[in-house]
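Structure, as structure tokens:
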Amino acid sequence: MITMKDIIKEGHPTLRAVAEEVPLPASDEDKATLRSMIEYVISSQNPEIAEKYGLRPGIGLAAPQINVSKRMIAIHVTDEKGTLHSYPLFNPKIVSHSIEQTYLSGGEGCLSVDRDVPGYVPRYLRVTVTGTTLDGEEVKLRLKGLPAIVFQHEIDHLNGIMFYDHINQENPFQAPADAAPLER
Ligand code: K2U
Ligand code: NI
């Protein structure tokens, strides 16, 4: 079971590395890792379990955050319509995205960052993501809003990018042009 001691923090070189593609079909070891990641995200959203094991709530997790430099992410998030998007994925890839951007009005956080980094993080409003599930199925997901933001945050981790790399240093609260904010 993944707990906070397994999550590496900024400054650790793995967070700045480009993670390796996972050879498919996935090995039992890679499947076990991805299962433990989605289990962390789901458990972290259960107040009793989170309290019991001291888990910081998350809506996503990328393998580099547990010092595994492989292209695996786990996302478990409900969108504004109440639709649950729960996806452990191997080799996720953004294959297309909207021109329109959005950003979380409260900014972003990260399980690997133990400090507040204020500022707007510009994201694409819509993304289309492909990837492979734990059952070995290739999926194509069309996402909008918070699920789209989470996928971008997690796929950034696979490329060594942290959310604050996107914040405008001169004016952190400069909203991206023509972007509509998303209340979190
Ligand atoms: O990758 C991570 O560190 C997990 C982040 C993902 C994330 C943060 C902000 C915006 C999009 C994705 C954690 O989920 S941070 C905690 C959190 C919990 C609920 C809502 C937003 C952020
Ligand atoms: Ni993060």
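Worth a mention:
- In the full protein context, segment 1-79 carries 51 Å² of accessible surface per residue, based on a 1.4 Å probe and ignoring ligands, DNA and RNA.
- In the context of the full set of protein chains, residues of segment 108-184 present 49 Å² of accessible surface per residue (probe radius 1.4 Å, heavy atoms only).
- Reachable aspartates and glutamates from LYS93, criterion Cα separation under 15 angstrom, eight or more residues apart if same chain: GLU20, GLU21, GLU137, GLU138, GLU154, ASP156
- Rounded to whole Hz, the Karplus (6.51, -1.76, 1.60) HN-Hα couplings of segment 137-144, x for glycine and proline: 8, 7, 10, 10, 10, 9, 10, 9
- Segment 1-158: relative contact order as a whole-number percent, Cα under 8 Å and 6+ apart: 24 percent
- Rounded accessible area of LEU158 (nearest 10 Å², 1.4 Å probe): 0 Å²
- R0 of 35 Å, Cβ-Cβ distance ASN67-ALA175: FRET efficiency to nearest 0.05: 0.50
- ASP178 - accessible surface, heavy atoms, 1.4 Å probe, Å² rounded to 10: 150 Å²
- Only protein atoms count toward the accessible area here, which uses a 1.4 Å probe; on the chain, the carbon and sulfur part of that area reaches 52 percent.
- Compactness ratio for segment 1-57: Cα radius of gyration over 2.2 N^0.38 Å (N = residue count) comes to 1.32.
- Every helix of 4 or more DSSP H residues in the chain counts as -39500 (n - 2.57), and over all residues that averages to -6500 deg cm²/dmol at 222 nm.
- Based on Cα contacts under 8 Å between residues 6+ apart, segment 92-184 shows a relative contact order of 38 percent.
- Couplings for segment 88-95, taken from phi via the Karplus curve 6.51 cos²θ - 1.76 cosθ + 1.60 with θ = phi - 60°, read x, 9, 8, 6, x, 8, 7, 9 Hz in order; Gly and Pro are left as x.
- Solution diffusion estimate, µm²/s, Stokes-Einstein, segment 48-184, Kirkwood Rh from C-alpha pairs, 20 °C, viscosity 1.002 mPa s: 138 µm²/s
- Rough spin-label spacing in nm, given labels placed 7 Å along Cα→Cβ, for GLU183 and THR130: 3.8 nm
- Take THR33: with every protein chain present and a 1.4 Å probe, its accessible area is about 30 Å².
- Those residues of segment 133-168 whose amide nitrogen sits under 15 Å from the label point placed on SER98, 7 Å along Cα→Cβ: 142-152
The values are calculated or read from the model by the stated rules, or taken from the named source; none is laboratory data. Not measured: the values here are computed from a predicted model. Methodologically, a virtual Cβ is constructed for each residue, glycine included, from the backbone with ideal geometry; neighbour enumeration extends over all protein chains shown. Just so you know, the surface numbers come from the protein's heavy atoms only, side chains and all, with ligands and any DNA or RNA stripped out. Shrake-Rupley method; radii C 1.70, N 1.55, O 1.52, S 1.80 Å.
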